[in-house]
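The values are calculated or read from the model by the stated rules, or taken from the named source; none is laboratory data. Please read these numbers as outputs of a predicted model, since none were measured by experiment. Glycine gets a Cβ as well: all are built from the backbone with ideal geometry, and neighbour counts include every protein chain shown.
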Amino acid sequence: MLFVIAFPRYPNKAIEVIKYAKEYEVPIFGLSDTLKSPIIALSDRYCIIDVEGVSFVDPFAHIITFLGVLIHEIAFLDRESTVKRLSKIEDGIRNRKDFYTFDDGEQTKQKDDDQLGPYYYDALVQKD
């Protein structure tokens, strides 16, 4: 499945990628702002998020919220597999030393994360 997000000004590259994927019969899910969006007609399924409405909240916050919920729900369709993948990612991050740590034995953010890491994810799997 190809998940395509396109909002005004609708990048031509997004449309090209959809057309290319269609040649290989890849299912397309489009996320855009209106039924008039050029990706909607090319999508097999779609979701519309209005970004033009009057609101005191930044309209793009709606998009971020939707994506956060969607990712959360997909991740927890198979919680055990998700936890294993997240643990592998955490191990890789730790090994690469992607985050700042203090030297000379001071308590570090990395150590705090290590304590949370796999144990936190394991606890998520055991909750049901």
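Computed quantities for the displayed model
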| read-out | value |
| --- | --- |
| Subset of region 51-83 [in a loop (DSSP other than H, G, I, E, B) and over 18 Å from G30 (Cβ atoms)] | G53, V54, S55, F56, V57, D58, F76, L77, D78 |
| Residues of region 53-70 classified as more than 13 Å from I5 (Cβ to Cβ) and at pLDDT below 90, total | 8 |
| Given (1) within 21 Å of A6 (Cβ to Cβ); (2) of a type outside the set (D, E, K, R); (3) at pLDDT below 90; (4) under 17 Å from the mean Cα position of the chain (by Cα), number of the condition A75 does not satisfy | (1) |
| Residue tally, condition under 22 Å from the mean Cα position of the chain (by Cα) and either part of a helix (DSSP H, G or I) or modelled with pLDDT of 90 or more (or both), over region 84-117 | 14 |
| Y46 closer than 24 Å to I74 by Cα and free of Cβ contacts under 8 Å to residues at least 24 places away in the same chain | yes |
